[in-house]
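A.B. asks: Input: one structure, supplied below.
The values are calculated or read from the model by the stated rules, or taken from the named source; none is laboratory data. All values derive from a computational prediction rather than experimental measurement. Positions of Cβ are generated from backbone atoms using ideal geometry, with glycine treated the same way; all protein chains shown enter the neighbour counts. With ligands, DNA and RNA removed, areas are computed over all heavy atoms of the protein, side chains included. Shrake-Rupley method; radii C 1.70, N 1.55, O 1.52, S 1.80 Å.
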Amino acid sequence: MGDGKKRGRYAPTPSGDLHLGNCRTALLAWLSVRAAGGAFVLRMEDLDKPREKPGAAQRILESLRWLGLDWDEGPDVGGPHGPYVQSERGHHYDDAIERLLAKGAAFSCICSRAEVAAASSAPHLGEDGPRYPGTCRPAPDAAPKQLGRRAPSIRLIVPPGLEGFDDLHRGPQRLDVQAEVGDFVIRRADGVAAYQLAVTVDDAAMGITEVLRGDDLLSSTPRQLLLYRALGLEAPSFFHVPLLLGEGGARLAKRNGARSLPELRAAGEDPRAICGHLASLSGLAEWGARLTPAELITRWDPARLPRLATCIA
Ligand code: GLU
């Protein structure tokens, strides 16, 4: 860290087994780092305990290894920036939230989801729910509000205006976070850090210089950039890759018939065939190629990646 070396990561949520889509993202993140001689970090994002599936975290690591990926730091290999499991990093998130509260950059909010939905007139931004209309946001210099007995969530104060960045794959991106999302949650009412906060704090603490991930997270990036700024942290570069989709353009998921990596493995599939297939879907190999991730390093060429989501069913 700090030696100018590229540092990338893959940060799965253990809500189920990996499918080809997740694996492709992991493979591309790995290739981008390895082609530059950089370090790769594996971080398990297990803050959403109700969504976690027993044993999934372990199976994710096994599937990635079976495919031929490796990591320099991660839950099972340790490293200088651990722990690499988000549920063990609560104090990092609490420290960041305390700093934001102390400098007046965040506030407590007692609105329920239903209240936010009822009060918000703006259209919803994708899956992120309605825009927060600022109900509990303190007026400048006002005395702290009496919050009553309901446990509060914490929200970041989002300034008005466009937040922009140059995506390494998608080019210039702009989003008015205040107009589209509003002041967003950084700690949920149950005390658990929200994804936006945790991912920002962790990527910064782990010295990540490039975040390569699925473009379903493109609209999250401006929120994370606001957090980098509010926390005085240096932001990485962002590289959002299109998703692999299932039949009819549906999201790849078990319920849509996508086979998981453990299922493919149990069926006797060759990991080199899977890796070659993922590479050919990424413009990096010919159809039918059988290759290990290591054999793909010299073929890495981000300009060949597809611009649009690819259907694989
Ligand atoms: N944990 C998130 C997911 O599995 C990814 C977070 C990220 O790459 O920023 O969707």
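A.B. asks: Among (1) open to solvent by 80 Å² or more (accessible area, probe 1.4 Å); (2) at pLDDT 95 or above, which single condition is residue 146 missing?
C.D. replies: (2)
A.B. asks: Here's another thing I want to ask about it. Suppose we filter the range 207-242 for residues that are away from the ligand (no atom under 12 Å from the Cβ), outside any helix (DSSP H, G or I) and of a type in the set (A, V, I, L, M, F, W, C); how many remain?
C.D. replies: 2
A.B. asks: Given the condition more than 17 Å from the chain's Cα centre (by Cα), at pLDDT below 95 and either away from the ligand (no atom under 16 Å from the Cβ) or open to solvent by 10 Å² or more (accessible area, probe 1.4 Å) (or both), answer yes or no: does some residue in the range 164-178 qualify?
C.D. replies: No, the conditions are met nowhere in the range 164-178.
A.B. asks: Which pairs do you get when a residue that is farther than 22 Å from residue 6 by Cα, found in the range 192-216, comes within reach of a residue that is open to solvent by 10 Å² or more (accessible area, probe 1.4 Å) and near the ligand (Cβ under 10 Å from one of its atoms), reach meaning Cβ atoms under 6 angstrom, with the pair 6+ apart or on two chains?
C.D. replies: As it stands, the answer is 192/47, since those pairs meet every condition given.
A.B. asks: Working carefully through the options 231, 227, find the one that is closer than 20 Å to residue 134 by Cα and either modelled with pLDDT of 95 or more or buried (at least 21 other Cβ atoms within 10 Å of the Cβ) (or both).
C.D. replies: 227
A.B. asks: Can you tell me which condition residue 303 does not meet? The list is (1) free of Cβ contacts under 8 Å to residues at least 24 places away in the same chain; (2) within 25 Å of residue 17 (Cα to Cα), and all the others hold.
C.D. replies: Residue 303 satisfies every listed condition except (2).
A.B. asks: Does residue 209 meet the test of being open to solvent by 10 Å² or more (accessible area, probe 1.4 Å) and touching a strand residue (DSSP E or B) at 6+ places or on another chain (Cβ under 6 Å)? Give the steps one after another, and end with the answer.
C.D. replies: Numbers: open to solvent by 10 Å² or more (accessible area, probe 1.4 Å): yes; touching a strand residue (DSSP E or B) at 6+ places or on another chain (Cβ under 6 Å): yes.
Yes; evaluated as a whole, the condition is true for this residue.
A.B. asks: Please go through the range 69-117 and give me each residue that is assigned to a helix (DSSP H, G or I) and of a type in the set (D, E, K, R), ordered by number.
C.D. replies: Of everything in the range 69-117, those that are assigned to a helix (DSSP H, G or I) and of a type in the set (D, E, K, R) turn out to be 88, 94, 95, 98, 99, 113, 115.
A.B. asks: Return a yes/no flag: does the range 40-62 have any residue that is small (Gly, Ala, Ser), away from the ligand (no atom under 14 Å from the Cβ) and open to solvent by 10 Å² or more (accessible area, probe 1.4 Å).
C.D. replies: Filtering the range 40-62 down to residues small (Gly, Ala, Ser) leaves 55-57.
Within this subset, residues satisfying the condition of being away from the ligand (no atom under 14 Å from the Cβ) are 55.
Of the ones still in play, those that are also open to solvent by 10 Å² or more (accessible area, probe 1.4 Å) are 55.
Within the range 40-62, one or more residues are small (Gly, Ala, Ser), away from the ligand (no atom under 14 Å from the Cβ) and open to solvent by 10 Å² or more (accessible area, probe 1.4 Å).
A.B. asks: Determine which member of the set 8, 74, 104 is away from the ligand (no atom under 12 Å from the Cβ) and surrounded by 17 or more Cβ atoms within 10 Å (Cβ to Cβ).
C.D. replies: 74
A.B. asks: Can you tell me how many residues in the range 252-270 are in contact with a Gly (Cβ under 8 Å, 6 or more places away or on another chain) and open to solvent by 30 Å² or more (accessible area, probe 1.4 Å)?
C.D. replies: Of the residues in the range 252-270, 3 are in contact with a Gly (Cβ under 8 Å, 6 or more places away or on another chain) and open to solvent by 30 Å² or more (accessible area, probe 1.4 Å).
A.B. asks: Follow-up question, since we're still on this one. Do we have residue 112 as at pLDDT below 95 and open to solvent by 10 Å² or more (accessible area, probe 1.4 Å) here?
C.D. replies: yes
A.B. asks: Still on this structure, I have one more. Can we say residue 185 is more than 14 Å from the chain's Cα centre (by Cα) and open to solvent by 10 Å² or more (accessible area, probe 1.4 Å)?
C.D. replies: Criteria met by residue 185.
A.B. asks: Can I ask one more? Confirm whether residue 29 is within 14 Å of the ligand (Cβ to nearest atom), aliphatic (A, V, I, L, M) and in contact with a strand residue (DSSP E or B) (Cβ under 7 Å, 6 or more places away or on another chain).
C.D. replies: Working: within 14 Å of the ligand (Cβ to nearest atom): yes; aliphatic (A, V, I, L, M): yes; in contact with a strand residue (DSSP E or B) (Cβ under 7 Å, 6 or more places away or on another chain): yes.
Yes: the conditions hold for residue 29.
A.B. asks: Sticking with this one: I need a count of the residues in the range 285-299 that are polar (S, T, N, Q) and free of Cβ contacts under 8 Å to residues at least 60 places away in the same chain.
C.D. replies: Residues that pass the stated criteria total 0.
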